[in-house]
Number of protein chains: 2
Amino acid sequence: MDQRVIEHADVLVDWSAQVERGDNVIVSVAEGTHDLAVAVAEKLGDRGANMITLYDSDELSSAYLSAHDGTFDHAGAHEQRLLEKADVYLRLGGGRNTAETSDIPQSVRQAYNKSRTDAREARMNTDWVSTLHPTRSLAQQAGMSYSAYKTFVYNAILRDWESLAEEMAEMKTLLDAGSEVHITTDRTDLTMSIADRTAVNSCASVAYDSHNLPSGEVFTAPYATTGTAFFDVPMTIDGTRVQDVELVFADGTVVDYSAVQGEETLSGVLETDDGARRLGELGIGMNRGIDRFTDNILFDEKMGDTVHLAVGRAYDACLPTGETGNKSAVHVDMIMDMSSNSTLSIDGEVIQRDGTFRWEDGFEA
Amino acid sequence: MDQRVIEHADVLVDWSAQVERGDNVIVSVAEGTHDLAVAVAEKLGDRGANMITLYDSDELSSAYLSAHDGTFDHAGAHEQRLLEKADVYLRLGGGRNTAETSDIPQSVRQAYNKSRTDAREARMNTDWVSTLHPTRSLAQQAGMSYSAYKTFVYNAILRDWESLAEEMAEMKTLLDAGSEVHITTDRTDLTMSIADRTAVNSCASVAYDSHNLPSGEVFTAPYATTGTAFFDVPMTIDGTRVQDVELVFADGTVVDYSAVQGEETLSGVLETDDGARRLGELGIGMNRGIDRFTDNILFDEKMGDTVHLAVGRAYDACLPTGETGNKSAVHVDMIMDMSSNSTLSIDGEVIQRDGTFRWEDGFEA
């Protein structure tokens, strides 16, 4: 087995999920991720954890949902019980065809997701970590050879996470102290409030309330958003390519939107519920191991030269105790490239210009 | 997709598991069974059932258990919750290497199984069905080409189950009314009591208390066994080949035994506990779609020209209400070929001679 797969499992189980003896662990195994699953299973056995493995297959989901009439009655009730008794949930993402679920009717998908709200919340209450095993399908999506894609993925995942956590702590300090964020690019001029919100130092460990591997972003839950945001990084939502999205905000809510490609899909997202038209997240990518866009949100949004905004659900970790943030059945991230003609400012002070943070070489105040 | 896979899913979901709208269904997907899983998922969607899929990988189990120190604390607690909330459990067996788990230490395997007793019992309380998708590994075990093996498997599974259920009902009637069974072959002369015992018409449907697909056997729980039984069909017990077993019974208990191959493994089985030396089952194979031995108990014991006896645990369904049958930690089936020089008699009347039942063409009274 590729030694990097074993190292990936080590980082996932020890640094990211902090698995301990006797923990009830769920491992969700996507198509094409068998090798990583074997390495994770061995690691969990060695740690003395309890393991159950789920099969996460887009082909099965597609077959199931396409045949369903779309009326669901608590579709995740048995899964919910499992999740409620679990300590750790490890999602090994991968797959063999990123377009596999593209022909599921939007209404069926929405009804299904809605009926699984309790199960999803139970999963969010575990120490969950979502990671990714490089598959040929993901390499194709990225427009890369399989070999080059593997190098790319492990560069992003096998980092010195403790050191990156220290650098990101600086950004968290700035966001926690700040009241207003202002972002400008060629086509973006957006202001949002972050007063009283707490940023998460997302360094790929549940110990930091960070649930992605790789991670490498600092994020918070903005509100009262005003202005225009343009997202120039292409993305895939529910199997559909969506490109060049523009959102216009007034008083925190999307009042106008467009997309050069995939506008219908975008519309479906925004019309899910009220919360889907408000921001749930502002994230600042800081993982310098990610050096190109690969049409995969798990990587793209962590890239050092990007900022992303998500419409929909906010993370509780960003909110003052007892306060509820933006609620929604969706959470869809959209990314803007900050590498040129851009500024990110907090309370009027430029923190990042043209992709360079103020503590990095070459920063121009 | 092979049309037979779709028909298999139809039989499994409708006839065997009798899935209804809103049922919470677990689908356990072994390595190599993806195609059947897709067909089952589509069927479950069409029926409006709720679905969760487990990944049943011998490679993962082996990696996990081989790395574990062997001390388990309720290893199936989260799985148990899932099972308690499930209505139906569909086990899609398959695999890519029948010897994959052979290097797990016996002590670790036993400790693991013991700690999962509650989960196992919860599974037995669902409408569970165990079936099998033809894989290359199973074809190899059977000594057959992949193509020929698929034909064999679907011949066994895609039967007119209602019609076979009617035929087997005749056998059940005979066994329920009978007091004594007498079996003779070249090297077998065995008598056992079945008075007051109830036979199970195992026609591959939970509606008949039958949980295997394929099935096609009628079985009961004999006692007071006397005489000699010779099992000429080879079998694999815990990964070891066992062949030409002879058991000598007196007053219901094995008093002498031998095997040309694997006698040590046989000895280990018989010495597990007191019940391991008494019979728990007499089964009469009646599935004429199974026309050869394939070293797989799910098929071999259902073959029309065979009778099998199991040492160990009896099934409650065969016992008078309130009565406990033979108890044991084991249940090991052994098969004898009845195709020539054999008789199966109930209370002195020959029911099957040389493999032909008395209601079949060519039967000689």
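Rg/Rh, computed from the Cα trace of segment A:184-280 with Rh as the Kirkwood radius, has the value 1.00. Counting only DSSP beta bridges with both residues in chain B, what percent are antiparallel, rounded to the nearest 5? Looking only at bridges with both residues in chain B, the antiparallel portion is about 75 percent. Assuming charge only on the beta carbon of Lys and Arg (+1) and of Asp and Glu (-1), the dipole of the protein assembly as shown about its Cα centre is about 80 debye to the nearest 20.
A convex hull fitted to the Cα coordinates of segment B:161-357 yields 108 cubic angstrom per residue. The eigenvalues of the Cα gyration tensor, multiplied by 5 and square-rooted, give chain A an equivalent ellipsoid with semi-axes of 30, 25, 21 Å from largest to smallest. Computed on the protein assembly as shown, the Cα convex hull volume stands at 155 Å³ per residue.
Sorted from closest to farthest, the other copies place their B:GLY22 label points 4.0 nm away, with each point set 7 Å from Cα along Cα→Cβ.
Among residues other than B:ASP354 with Cβ under 12 Å from its Cβ, the summed charge is -3 (Lys and Arg +1, Asp and Glu -1). Relative protection proxy for B:350-357, B:143-150, from highest mean packing down: B:350-357, B:143-150 (other beta-carbon atoms within 10 angstrom).
Which of B:LYS114/B:LYS302; A:LYS114/A:LYS302; B:LYS43/B:LYS172; A:LYS85/B:LYS85; B:LYS85/B:LYS302; A:LYS43/B:LYS85 have a Cα-Cα distance over 22 Å? Beyond 22 Å between Cα atoms: B:LYS114/B:LYS302; A:LYS114/A:LYS302; B:LYS43/B:LYS172; B:LYS85/B:LYS302; A:LYS43/B:LYS85. Simple point charges give the picture: +1 on the Cβ of Lys and Arg, -1 on the Cβ of Asp and Glu, and for segment A:161-357 a dipole about the Cα centre of about 180 debye. Ordered by the count of other Cβ atoms within 10 Å of each Cβ, fewest first, A:CYS203, B:CYS318 give B:CYS318, A:CYS203. Under a Cβ-Cβ cut-off of 13 Å, what is the net charge of the residues other than B:GLY280 that fall near it, where Lys and Arg count +1 and Asp and Glu count -1? With Lys, Arg at +1 and Asp, Glu at -1, the neighbours total 0. So what does log10 I(q)/I(0) come out to for segment A:3-157 at q = 0.08, 0.18, 0.21 Å⁻¹, using the Debye formula with one equal point on every Cα and no solvent? At q = 0.08, 0.18, 0.21 Å⁻¹ the computed log10 ratios are -0.25, -1.14, -1.31. If you restrict to DSSP beta bridges whose two residues both lie in the protein assembly as shown, what percentage is antiparallel, to the nearest 5? The antiparallel fraction comes to roughly 70 percent.
Pairwise inverse Cα distances across segment B:114-218, averaged and inverted, put the Kirkwood hydrodynamic radius at 16.6 Å. A:LYS327 label point (Cα plus 7 Å toward Cβ) to equivalent points in the other copies: 5.3 nm, shortest first. Label-point spacing at A:ALA67 relative to the other copies reads 3.5 nm, in ascending order, each point sitting 7 Å out from Cα along Cα→Cβ. Magnitude of the charge dipole for segment A:56-135, about its Cα centre and with charges confined to Cβ atoms of Lys, Arg (+1) and Asp, Glu (-1), is about 120 debye.
The numbers here are math on the coordinates, done by the rules we state, and not lab data. Model, not experiment: these values are computed from the prediction. Neighbour counts are summed over all protein chains in view; Cβ atoms, including those assigned to glycine, are modelled from backbone coordinates with ideal geometry.
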